[in-house]
1. Sort out which residues of region 49-63 are over 12 Å from residue 38 (Cβ atoms) and loosely packed, with under 12 Cβ neighbours inside 10 Å, and write them in order of number.
2. Of all residues in region 5-47 being assigned to a loop (DSSP other than H, G, I, E, B) and surrounded by 14 or more Cβ atoms within 10 Å (Cβ to Cβ), which is modelled with the lowest pLDDT?
3. If you scan region 23-34, which residues turn out to be out of contact with any strand residue (DSSP E or B) (no Cβ under 9 Å at 6 or more places or on another chain) and under 15 Å from residue 59 (Cα atoms)?
């Protein structure tokens, strides 16, 4: 799975573009790729990491789906002097 190769360059975003879209750092994307959390494709010409647009959309949907039904609990504490 690590050796995904690109077919149509118009369907892919660069590492920088993907980082900006997801609002994460480039090192974060590299770490996710190494750990298998969000695996990049490789450009056959230069072996750079690239991400398929549909892959990014699915990743966002999965992340948003993992938050459904979860609520934050807030406890109000009154401090008296």
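1. Just the residues of region 49-63 that are over 12 Å from residue 38 (Cβ atoms), to begin with: 50, 53-54, 57, 61.
Matches in region 49-63: 54, 57, 61.
2. Looking only at region 5-47, we keep the residues that are assigned to a loop (DSSP other than H, G, I, E, B), and these are 6-8, 23-25, 36-40, 43-47.
Subset that is surrounded by 14 or more Cβ atoms within 10 Å (Cβ to Cβ): 6, 24, 38-40, 43.
Details: 6: 51, 24: 94, 38: 94, 39: 94, 40: 95, 43: 90.
Going through the qualifying residues, I end up with 6.
3. 23, 24, 28, 32 - these are the residues of region 23-34 that are out of contact with any strand residue (DSSP E or B) (no Cβ under 9 Å at 6 or more places or on another chain) and under 15 Å from residue 59 (Cα atoms).
The values are calculated or read from the model by the stated rules, or taken from the named source; none is laboratory data. Keep in mind it's a predicted model, so treat the numbers as computed, not measured. No Cβ is skipped: glycine too gets one built from the backbone with ideal geometry, and neighbour counts run over all protein chains shown.
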